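Student: Pasting in a structure now, in structure tokens, and then I'll have a few things to ask.
The numbers here are math on the coordinates, done by the rules we state, and not lab data. Not measured: the values here are computed from a predicted model. Every residue, glycine as well, gets a Cβ built from its backbone with ideal geometry; the counts of neighbours run over all protein chains shown.
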Amino acid sequence: MQECIFCKIVKKEIPAEIIYEDDNVLAFKDIQPAAPIHLLFIPKKHIPTFFDLQPEDDKIMGEVQRAAAVVAGDLGLAERGFRLVANCMKDAGQLVFHLHYHFLAGRELQWPPG
Ligand code: AMP
Ligand code: ZN
């Protein structure tokens, strides 16, 4: 946990372009954007993967998802929409083991992903 890069962003120990913050949620720009708008929405609490979620995290995770909708509205995406996607473990390509949603928007996205 000490080494977790997203925990360091939460604690402002390393810089990030923060787009949204409240008591339980942080959203910041991905450093390697895969779309014109590519944000990461995270719980401030260190939760490595979906498999680590506890019942008491349900509220926090709801807040993370709702924050994405609030930011989408603020960014004028209510009509065009956005994609919220989370990679879990190896086959999905998870690289950072602090649960996060990728928020992708600003272009038509392909489906299914590769
Ligand atoms: P994932 O493969 O789902 O674990 O994605 C991790 C994401 O975190 C990648 O899209 C990275 O570009 C992004 N990332 C890694 N380090 C940072 C950082 N310091 N600031 C912003 N985004 C980061
Ligand atoms: Zn963490």
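Student: Report, by chain and number, residues whose modeled amide H sits under 5 Å from the one on Thr49, excluding near sequence neighbours (fewer than 5 apart, same chain).
Tutor: For Thr49, the qualifying residues are Leu99.
Student: Going through the cross-link list Lys11/Lys45; Lys8/Lys45; Lys12/Lys59; Lys29/Lys59; Lys44/Lys90, which pairs have a Cα-Cα distance over 19 Å in this structure? Don't skip to the end; give the middle numbers.
Tutor: Values: Lys11/Lys45 11 Å; Lys8/Lys45 12 Å; Lys12/Lys59 24 Å; Lys29/Lys59 24 Å; Lys44/Lys90 23 Å.
Long pairs (Cα-Cα over 19 Å): Lys12/Lys59; Lys29/Lys59; Lys44/Lys90.
Student: Moving to a separate point now. Any cysteines in the chain with zero other Cys Cβ atoms under 4.7 Å from their Cβ? List them, or say none.
Tutor: Singleton cysteines: Cys88.
Student: Sticking with this one: Could you work out the Kirkwood radius for the chain, taking every pair of different alpha carbons, averaging 1/r and inverting it, reported in Å?
Tutor: On the way: mean 1/r = 0.0687 Å⁻¹.
After inverting the pairwise mean of 1/r, the radius is 14.6 Å.
Student: So who's got an amide H within less than 5 Å of the one on Tyr20, skipping anything under 5 residues away but keeping other chains? H placed 1.01 Å off N, in plane.
Tutor: Residues meeting the amide H criterion: Ala27.
Student: Separate question: With springs connecting C-alpha atoms under 10 Å apart, model the chain as a Gaussian network and identify which of Val85, Val25, Val64 has the largest mean-square fluctuation.
Tutor: So, out of Val85, Val25, Val64, the one fluctuating most is Val85.
Student: Multiplying the sequence separation of Leu109 and Met89 by 0.36 nm and subtracting their Cα-Cα distance, what value in nm do you get? Write out the running numbers ahead of the final one.
Tutor: Working: separation 20, 0.36 × 20 = 7.20 nm, distance 2.25 nm.
Once the chain is fully extended between Leu109 and Met89, it gains 4.9 nm.
Student: How much length is gained on full extension from Ala69 to Ile5, taking 0.36 nm per residue of separation minus their Cα-Cα distance? Walk me through the intermediate numbers first.
Tutor: On the way: separation 64, 0.36 × 64 = 23.04 nm, distance 2.46 nm.
20.6 nm is the gain from fully extending Ala69 to Ile5.
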